[in-house]
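Okay, so here's the structure we're looking at.
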């Protein structure tokens, strides 16, 4: 297990530097491995990228296909980012492709970023292991993202767009949508998830200008709720969906992205049986995940539950707050850590009247984490009952003393915090 590799090294003190020049030079130095990997489905968006990839992977595997996957960030170990034919890359092969990429970068004096180096190493690994399909999640944006190196993907997918990373992608939905649209390719189908009207209109017009066949939510497919049964509906299909392996009604939208994408690719021969099987087996940790038995759960009396969710922006907070409305049988304690630049007040407003306590925590080993007192003070100004702590363990002690009646502890605000808790809970 590799927690963090020796190379590339994250440069926390430097701003993110988007661009394709370094990546394309490094790929060329390695013989352009991106041209020798299984056909690619390229996924961008603000929320739901990872879940959409997870659903596609599970459906494809149910149909017997071998699938490569590239996602980010990792939660506990670096190997999570690169899956080869369904399995996480092993330590030895990971070291091999990272070292080969590092040597190539140094030979051409390419000072690549952490994500660029990781992406190139992943593509190198994909080029050396047989598979049928490659699923690639964009890191940030799309147009200038290190993953945007595929001339002829099978399809592109754009999940729900909302305001996020405005310092890098633009301060309006249209500017962000434009950056995400950078992965669209002429004559390659683009599957568009549920969007706000102005975003949807932007993509409809842009797809015509760029000669991109657009398969859009509400136009070409939709999720219908009939007496608490969910159906995927299109001109050709009416599929009753099972209870999903990933909790939350918003996951039906992500599932519909996956279904629409795979059904549009007729060569894959995906049928209803594959879809139902995949939707019940998809696995994507840190997204409304119930923490199982471990060191942290053992600290709490019987009846308590710890839920983890990587929500860190307005759209994610809204989805999480809607899920909390289904959890009214117990009190909810919100444990939140966030990285600098995130708007804590905007995030917390979705939980007004829905939680008993907001606990601010410092994300360990994350240099850009807000201090716990910063989050707690904002919560207090918003009239939340608040608490602050430097450690997860002390928060759990405080909560169980404050409430003798078991409740829900919901951890959110950052995937880095979710990863920290998964790691601490693991019985080593």
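The values are calculated or read from the model by the stated rules, or taken from the named source; none is laboratory data. Since the structure is predicted, the reported quantities are computational estimates derived from the model, not experimental observations. Note that each Cβ is placed from the backbone with ideal geometry, even for glycine, and that neighbours are counted across all protein chains shown.
Results, tabulated for the structure shown:
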{"quantity": "Residue 260 vs. criteria within 22 Å of residue 47 (Cα to Cα) and either assigned to a helix (DSSP H, G or I) or not assigned by TED's automatic domain parsing to the domain that holds residue 194 (or both)", "calculated": "yes"}
{"quantity": "Set 50, 86: member being under 23 Å from residue 253 (Cα atoms) and modelled with pLDDT of 95 or more", "calculated": "50"}
{"quantity": "Test: residue in the stretch 221-231 that is in contact with a helix residue (DSSP H, G or I) (Cβ under 9 Å, 6 or more places away or on another chain), surrounded by fewer than 15 Cβ atoms within 10 Å (Cβ to Cβ), more than 30 Å from residue 19 (Cα to Cα) and in the same structural domain as residue 81 (by TED's automatic domain parsing)", "calculated": "yes"}
{"quantity": "Residue within the stretch 352-371 that is in a helix (DSSP H, G or I) and either closer than 20 Å to residue 304 by Cβ or touching a helix residue (DSSP H, G or I) at 6+ places or on another chain (Cβ under 9 Å) (or both) present", "calculated": "no"}
{"quantity": "Checking residue 252 against (1) touching a helix residue (DSSP H, G or I) at 6+ places or on another chain (Cβ under 8 Å); (2) at pLDDT 95 or above; (3) not assigned by TED's automatic domain parsing to the domain that holds residue 395, the condition it does not meet", "calculated": "(1)"}
{"quantity": "Condition met for residue 22 (over 30 Å from residue 277 (Cβ atoms) and crowded, with 16+ Cβ neighbours inside 10 Å)", "calculated": "yes"}
{"quantity": "Residue identified as crowded, with 22+ Cβ neighbours inside 10 Å and over 25 Å from residue 295 (Cβ atoms) among 333, 384, 351, 347", "calculated": "347"}
{"quantity": "Answer from 368, 414, 391 - the residue that is surrounded by 22 or more Cβ atoms within 10 Å (Cβ to Cβ) and in the same structural domain as residue 296 (by TED's automatic domain parsing)", "calculated": "414"}
{"quantity": "Options 191, 161, 183; residue that is within 17 Å of residue 47 (Cα to Cα), within 19 Å of the chain's Cα centre (by Cα) and modelled with pLDDT under 95", "calculated": "161"}
{"quantity": "Qualifying residue in the stretch 64-71 (condition: in the same structural domain as residue 157 (by TED's automatic domain parsing), farther than 17 Å from residue 89 by Cα and either at pLDDT 95 or above or assigned to a helix (DSSP H, G or I) (or both))", "calculated": "yes"}
{"quantity": "Condition check for residue 375: at pLDDT 95 or above, buried (at least 22 other Cβ atoms within 10 Å of the Cβ) and in contact with a helix residue (DSSP H, G or I) (Cβ under 6 Å, 6 or more places away or on another chain)", "calculated": "yes"}
{"quantity": "Search result, residues across the stretch 92-127 that are touching a residue at least 60 places away in the same chain (Cβ under 8 Å), within 24 Å of residue 65 (Cα to Cα) and surrounded by fewer than 20 Cβ atoms within 10 Å (Cβ to Cβ)", "calculated": "127"}
{"quantity": "Among the residues listed as 48, 86, the single one being assigned by TED's automatic domain parsing to the domain that holds residue 193, in contact with a strand residue (DSSP E or B) (Cβ under 7 Å, 6 or more places away or on another chain), surrounded by 16 or more Cβ atoms within 10 Å (Cβ to Cβ) and within 21 Å of residue 245 (Cα to Cα)", "calculated": "48"}
{"quantity": "Residue satisfying all of: in the stretch 332-353; at pLDDT below 95 and touching a strand residue (DSSP E or B) at 6+ places or on another chain (Cβ under 8 Å); nearest to residue 403 (Cα to Cα) among these", "calculated": "339"}
{"quantity": "Residue, nearest to the chain's Cα centre (by Cα), within the stretch 288-317, restricted to residues that are closer than 28 Å to residue 346 by Cα and surrounded by fewer than 17 Cβ atoms within 10 Å (Cβ to Cβ)", "calculated": "290"}
